[in-house]
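Below is one structure, written out as structure tokens; the observations come after it.
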Amino acid sequence: MSNSPIGIFDSGIGGTSIFKEIYTLLPYENYIYLADSKNAPYGNKSEAEILQLGIKNTELLLNKNSKIIVVACNTATTNAISYLRANYDVPFIGIEPAIKPAALNTQTKAIGILATKGTLSSHLFYKTTDLYANGITVIEQVGEGIVPLIESGMLYSSEMQDLLKTYLKPMLKHNIDYLVLGCTHYPYLIPILSEMLPKHVKIIDSGLAVAKQTKAILINNDLLNHNTKPPSIKLYSNGDTEVLNTIMNHKFETYYLDF
Ligand code: DGL
């Protein structure tokens with residue numbers, strides 16, 4: 001079982017930002033990544049639709065023998081992970097916006113969060129914000145349009161610059177000192193955001209925390225792969241594999257799969 005792959009899925013190529021963090025920490029594991037680009041973005045879909053997509057991806061990863069599943073998508077985690085945990089017999093790792101560290105460390109008592117509509121409107125997100133962001137101004141911003149641009153290979157484009165400028169404006173007006181990236185596509189925006197934000201604004205995401213959590217759960221379940229031979233890493237997309245290839249710097253094998 002410990003030789004079985006770590007299964008990871010996202011609505012598209014964004015979850016590769018999580019895969020990279022996990023792979024850096026666990027280089028001897030085997031991996032299967034599913035980019036459900038055909039159905040991206042998940043962010044504007046209903047909870048029921050997101051759940052159905054989560055089930056479809058989970059079942060495919062289980063058919064491919066995954067020993068653990070990383071839901072590398074904030075939208076799918078906040079809307080579907082409780083169901084998945086209750087109905088499938090493998091450990092699930094989810095990802096949620098890093099509200100807690102931002103709320104604990106802010107000096108200006110104002111933080112910004114950029115995420116999808118599906119995440120910001122979820123019950124789990126409300127619960128976390130309620131718990132940690134008491135007395136702090138949280139500027140929530142739906143990143144409408146960002147995921148489709150990234151999925152179509154337009155990360156570095158004037159359209160993206162314009163969207164981000166609009167989305168950052170209310171946050172800067174409130175003098176935020178933390179910007180929380182609540183979508184796994186968004187870490188790819190960090191070089192652009194760093195240029196646009198004042199130096200004192202820190203950008204945080206949950207990638208490293210998810211990687212550490214994945215390692216801890218594998219150890220607890222005696223599932224860590226102790227092999228030191230080169231791992232098998234397979235990235236599947238039901239959309240444009242070239243966009244996936246490019247974001248991965250052509251470093252891994254990518255395949256088209258209709259799922
Ligand atoms: N990457 C996903 C997330 O973390 C989903 C984005 C989308 O498909 O709308 O929320």
Contacts under 7 angstrom Cβ, first residue in the range 49-63 being polar (S, T, N, Q), partner at pLDDT 95 or above and in a helix (DSSP H, G or I), 6 or more apart: Thr58/Leu84
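Could you tell me whether any residue of the range 62-75 is among the hydroxyl-bearing types (Ser, Thr, Tyr), within 9 Å of the ligand (Cβ to nearest atom), crowded, with 24+ Cβ neighbours inside 10 Å and in a helix (DSSP H, G or I)?
So far as the range 62-75 goes, yes, one or more of its residues are among the hydroxyl-bearing types (Ser, Thr, Tyr), within 9 Å of the ligand (Cβ to nearest atom), crowded, with 24+ Cβ neighbours inside 10 Å and in a helix (DSSP H, G or I).
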Residue within the range 156-171 that is touching a Ser or Thr at 6+ places or on another chain (Cβ under 7 Å) and touching a residue at least 40 places away in the same chain (Cβ under 8 Å) present: no
Unmet requirement for Thr78, which otherwise passes all of (1) among the β-branched types (Val, Ile, Thr); (2) crowded, with 24+ Cβ neighbours inside 10 Å; (3) within 16 Å of the ligand (Cβ to nearest atom); (4) modelled with pLDDT of 95 or more: (4)
Which listed residue, of Asn249, Asn245, Asn175, is away from the ligand (no atom under 16 Å from the Cβ), touching a strand residue (DSSP E or B) at 6+ places or on another chain (Cβ under 7 Å) and in a loop (DSSP other than H, G, I, E, B): Asn175
Tally of residues being surrounded by fewer than 14 Cβ atoms within 10 Å (Cβ to Cβ) and charged (D, E, K, R) across the range 187-243: 6
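Could you pull out the residue among Leu104, Leu114 that is of a type in the set (A, V, I, L, M), in a helix (DSSP H, G or I) and either without any contact (Cβ under 8 Å) to a residue 60 or more places away in the chain or within 11 Å of the ligand (Cβ to nearest atom) (or both)?
Leu104
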Residue match in the range 101-111 (condition: of a type in the set (S, T, N, Q) and under 15 Å from the mean Cα position of the chain (by Cα)): no
Residue that is farthest from the ligand (Cβ to nearest atom) [pool: residues in the range 24-56 that are crowded, with 20+ Cβ neighbours inside 10 Å and part of a helix (DSSP H, G or I)]: Gly54
From the options Asp240, Asp205, residue that is within 16 Å of the chain's Cα centre (by Cα) and charged (D, E, K, R): Asp205
Hits in the range 93-112 - residues which are surrounded by fewer than 24 Cβ atoms within 10 Å (Cβ to Cβ) and over 17 Å from Gly207 (Cβ atoms): Ala103, Leu104, Asn105, Thr106, Gln107, Thr108, Lys109, Ala110
Check on Thr77, touching a Gly at 6+ places or on another chain (Cβ under 7 Å), under 22 Å from Ile6 (Cα atoms) and among the hydroxyl-bearing types (Ser, Thr, Tyr): yes
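The values are calculated or read from the model by the stated rules, or taken from the named source; none is laboratory data. Remember, predicted model here, so these are calculated numbers, not experimental data. All Cβ positions, glycine included, derive from the backbone under ideal geometry; neighbour counts span all protein chains shown.
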